[in-house]
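J.: First, the structure itself, so that you have it in front of you.
The values are calculated or read from the model by the stated rules, or taken from the named source; none is laboratory data. These figures come from a predicted structure and were not determined experimentally. A quick note on method: Cβ atoms are made from the backbone with ideal geometry, for glycine too, and the neighbour counts reach across all protein chains shown.
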Amino acid sequence: MEKLCAGNWKMNGLKRDAAALAAALVAKAKAEPPTCELLICPPFTALGAVGEALAGSAVALGGQDCHTAEKGAHTGDVSAAMLKDAGCTYVILGHSERRADHGESDKLVARKFEAAQRAGLAAIVCVGETLAQRDAGETLAVIDRQLRGSVPDGLATREFAVAYEPVWAIGTGRTPTIAQVEEVHAHIRRTLVGMMAGLESVRILYGGSVKPDNAMALMHAANVDGALVGGASLVADDFWAIARACG
Ligand code: PEP
């Protein structure tokens, strides 16, 4: 299946810098048509400027979170319908930083997933264990619980992705071994297949300190269908090198 290389810009990028970074990626995609699907997820405030820079290009636009409701009295929140209206086709849900900073539970993530589904956005559902959970031998149980809890019961779409992001690998420069990545990805694949027919084609991304120098090995590991990239997605050359490794 075609891999997905997704950039999560997190809380980085004023409009002008964000548009310039997006334009640099568009120029690269024009010069060398990508062999994988490309996606960037800027902060909400830069969606407009980045969306304009991406117009007509091979690079898709996504949000980093959405609310469970379509509209209403939810100060500071953004709905899936608003993301769609801003030109997004994807939304990242349940990132470990949101689970930690905002106390997001699997149940809440599942409700956000339903909202994304209603709006026609493809969710990228993040799961991952902490170092303490890995050291305690709980990794697969944690992944299992998060995955089953974060995918809604009334799933009506196969258009979503799962990102395995070990919390201890995010922004740390540390990555799991290829064997560890393959063990978790195989487990996610088995779990998805057991959940519903047709989910064998759901892409399973790896995220956590993906860099140009480790991307080739990570992206060629079994059951790795792409990358969710944080820090390295803020540098056009680095993100592009990772996208090439996805090809
Ligand atoms: C992320 O937070 O989604 C991520 C993968 O970050 P980084 O690549 O910086 O570890």
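J.: Which ones in segment 49-68 are more than 20 Å from Val235 (Cβ to Cβ) and surrounded by 15 or more Cβ atoms within 10 Å (Cβ to Cβ)?
T.: Gly51, Gly63, Asp65, Cys66, His67, Thr68
J.: Let me ask something else. Considering segment 17-45 alone, what residues qualify as being surrounded by fewer than 23 Cβ atoms within 10 Å (Cβ to Cβ) and within 21 Å of Asp77 (Cβ to Cβ)?
T.: Listed by number, the residues that qualify are Pro43, Phe44, Thr45.
J.: Under 8 Å by Cβ, and 6 or more places apart or on different chains, what pairs join a residue from segment 73-99 that is at positive phi with one that is within 16 Å of the ligand (Cβ to nearest atom)?
T.: Taking only residues 6 or more apart or on different chains, the pairs are Gly94/Glu104; Gly94/Val109; Gly94/Val125; Gly94/Cys126; Gly94/Val127; Gly94/Gln146; Gly94/Ser150.
J.: Identify all residues within segment 71-100 that are within 16 Å of the ligand (Cβ to nearest atom) and either in a helix (DSSP H, G or I) or surrounded by fewer than 18 Cβ atoms within 10 Å (Cβ to Cβ) (or both); write none if there are none.
T.: Ser96, Glu97, Arg98, Arg99, Ala100
J.: Only residues that are over 16 Å from Ala245 (Cβ atoms), touching a residue at least 60 places away in the same chain (Cβ under 8 Å), within 16 Å of the ligand (Cβ to nearest atom) and not in a loop (DSSP other than H, G, I, E, B): list them for segment 1-57, please.
T.: Asn8, Leu21, Ile40
J.: Spot the failing condition for Thr68; the list is (1) at pLDDT below 95; (2) among the β-branched types (Val, Ile, Thr); (3) within 21 Å of Ser96 (Cβ to Cβ), and only one is missed.
T.: Unmet for Thr68, out of (1) at pLDDT below 95; (2) among the β-branched types (Val, Ile, Thr); (3) within 21 Å of Ser96 (Cβ to Cβ): (1).
J.: If I filter segment 144-158 for residues that are within 13 Å of the ligand (Cβ to nearest atom), at pLDDT 95 or above and within 17 Å of the chain's Cα centre (by Cα), do I get at least one hit?
T.: If we filter segment 144-158 for residues that are within 13 Å of the ligand (Cβ to nearest atom), which is where we start, we get none.
No, the conditions are met nowhere in segment 144-158.
J.: Within segment 101-132, how many residues are surrounded by fewer than 18 Cβ atoms within 10 Å (Cβ to Cβ) and of a type in the set (S, T, N, Q)?
T.: 2
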